[in-house]
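All remarks here apply to the structure that follows.
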Amino acid sequence: MNLRDFQKYINQELTEFYDKNEIQGFSAIIVEDILGLRRMDLHVKPEMEIESVKISKIQEIIRDLKLYKPIQYLIGKAWFYDLPFMVNENVLIPRPETEELVDWIIKKFNAENSKFSILDIGTGSGCIPVSIARNCKSAQVFALDISEKALEVAQHNAESNAVNVHFIHSNILDEGKWEEIYAHCGRNLDAIVSNPPYIRESEKKLMHANVLENEPWLALFVSDKDPLLFYRKITQFARKYLKTGGALFFEINEKFGDETCRLLENEGFGEIELRKDLSNKNRMIFAVKK
Ligand SMILES: C[S@@+](CC[C@H](N)C(=O)[O-])C[C@H]1O[C@@H](n2cnc3c(N)ncnc32)[C@H](O)[C@@H]1O
């Protein structure tokens, strides 16, 4: 099989499952990550032969794509804020909305040009703390998750991206653990960020099968009875342990922008700013502890 045959093969196999742009995206990822070539080689070197071991790998990926498994899990890698992250079924695939939140944090702190310490709550792949540590050289970065398996992935990502992040295994919903978490952070927190589970159980029916069947439910869902559970607990944690004047950043469920702002106000936070993501949905909040 050469690159031209590969292009034909992937188009034929996936046409009834995905649209043209998605298939183009998959073939570019396979060319770069499995074949180690540039995506333009598809056009400039169509005669290039593919090694047989790689053909088997491609066949395996295409079989799994037909089952709507996310390509990032199939190749074990996702890009976030221009950095490579290992991903597997124990972590959420980092999303572009979260890149926007990280961009907000990095720009804010780099503009102030100050040293700061920050804790990421519910770190998953570690995409948030690793990107901050890479881009804010004087930041002291902490990250927490309830899932040990997620923390293993996050630790790997900190090492492969050559940054120092202090990881903490804990449950943010358990107030009895808060003092210990704070101690792990050296009793000094200038900022807290979190993209906690925020999809209500009732929203499952609106979700694509590829997310629902493959990504970890622990990372995604919260009960309909208390959709702001994580936001309330994290805000209370921040109320107690964040420095006065310290910053709190949240990624949020687009349906709960106003409620989350009110919650922050009631817990004594000010300078509250709600921002939309690139799809024009209320997606992130910044607030300052008064
Ligand atoms: C929406 S994912 C976010 C992952 C990553 N920060 C990102 O933006 O891609 C939420 C994360 O919170 C973690 N989590 C769920 N419940 C938790 C709890 N009670 N305490 C700490 N972390 C929790 C999950 O394991 C998951 O990694």
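A quick yes/no check of all residues on (1) within 23 Å of the chain's Cα centre (by Cα); (2) aliphatic (A, V, I, L, M); (3) modelled with pLDDT under 95:
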{"residue": "243", "(1), (2), (3)": "no, no, no"}
{"residue": "257", "(1), (2), (3)": "yes, no, no"}
{"residue": "261", "(1), (2), (3)": "yes, no, no"}
{"residue": "269", "(1), (2), (3)": "no, no, no"}
{"residue": "285", "(1), (2), (3)": "yes, yes, no"}
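Pairing each residue of region 67-93 that is among the hydroxyl-bearing types (Ser, Thr, Tyr) with any residue that is crowded, with 16+ Cβ neighbours inside 10 Å and at pLDDT 95 or above, provided the two are 6+ apart or on different chains, yields C-beta distances under 6 Å for 81/99; 81/102; 81/131.
Give the residues of region 128-143 that are more than 9 Å from the ligand (Cβ to nearest atom) and touching a residue at least 24 places away in the same chain (Cβ under 8 Å), sorted by residue number. Spell out how you get there, then give the answer.
Just the residues of region 128-143 that are more than 9 Å from the ligand (Cβ to nearest atom), to begin with: 130-142.
Result: 130, 131, 132, 133, 134, 135, 136, 138, 139, 140, 141, 142.
Quick check on my filter: what residues within region 2-14 are over 19 Å from residue 70 (Cβ atoms) and not aliphatic (A, V, I, L, M)? Steps first, answer last, please.
Within region 2-14, the first condition is being over 19 Å from residue 70 (Cβ atoms), and the residues that meet it are 2-9, 11-12.
Within region 2-14, 2, 4, 5, 6, 7, 8, 9, 11, 12 qualify.
Across region 144-187, the qualifying residues are those that are among the hydroxyl-bearing types (Ser, Thr, Tyr) and within 18 Å of the chain's Cα centre (by Cα), and the one among them that is farthest from the ligand (Cβ to nearest atom) is 160. Only one entry in 191, 219, 209, 247 is touching a Phe, Trp or Tyr at 6+ places or on another chain (Cβ under 7 Å), among the small types (Gly, Ala, Ser) and at pLDDT below 95, namely 209.
Checked against the criterion of being among the small types (Gly, Ala, Ser), within 14 Å of the ligand (Cβ to nearest atom) and in contact with a Leu (Cβ under 6 Å, 6 or more places away or on another chain), the candidates 238, 219 yield just one match: 219.
Here is a check on your reading of the model: is residue 93 in contact with a strand residue (DSSP E or B) (Cβ under 6 Å, 6 or more places away or on another chain), within 16 Å of the ligand (Cβ to nearest atom) and part of a helix (DSSP H, G or I)? Write out each step before concluding.
On the way: in contact with a strand residue (DSSP E or B) (Cβ under 6 Å, 6 or more places away or on another chain): yes; within 16 Å of the ligand (Cβ to nearest atom): yes; part of a helix (DSSP H, G or I): no.
Answer is no for this residue.
One residue alone among 85, 109 is closer than 21 Å to residue 216 by Cβ and either crowded, with 18+ Cβ neighbours inside 10 Å or in contact with a helix residue (DSSP H, G or I) (Cβ under 6 Å, 6 or more places away or on another chain) (or both), and that residue is 85. Checked against (1) near the ligand (Cβ under 9 Å from one of its atoms); (2) among the small types (Gly, Ala, Ser); (3) surrounded by fewer than 24 Cβ atoms within 10 Å (Cβ to Cβ), residue 125 meets all criteria but (3).
Among the residues of region 1-27, the ones that are surrounded by 15 or more Cβ atoms within 10 Å (Cβ to Cβ) and either charged (D, E, K, R) or assigned to a helix (DSSP H, G or I) (or both) come to 11 in all.
Considering the conditions (1) surrounded by 13 or more Cβ atoms within 10 Å (Cβ to Cβ); (2) assigned to a helix (DSSP H, G or I), residue 214 is excluded by exactly one of them, (2). Taken over region 236-266, the residue count meeting the criterion of being assigned to a helix (DSSP H, G or I) and either out of contact with any Gly (no Cβ under 9 Å at 6 or more places or on another chain) or closer than 21 Å to residue 94 by Cα (or both) is 16.
Of the residues making up region 250-276, just one is surrounded by fewer than 19 Cβ atoms within 10 Å (Cβ to Cβ) and touching a residue at least 60 places away in the same chain (Cβ under 8 Å), namely 275. Evaluating residue 267 against the criteria (1) within 14 Å of the ligand (Cβ to nearest atom); (2) within 17 Å of residue 193 (Cα to Cα); (3) not hydrophobic (A, V, I, L, M, F, W, C) leaves one unmet condition, (1).
The values are calculated or read from the model by the stated rules, or taken from the named source; none is laboratory data. Fair warning: this is a prediction, and the values are worked out from it, not measured in the lab. Cβ coordinates were reconstructed from backbone atoms using ideal geometry, including for glycine residues, and neighbour counts include every protein chain displayed.
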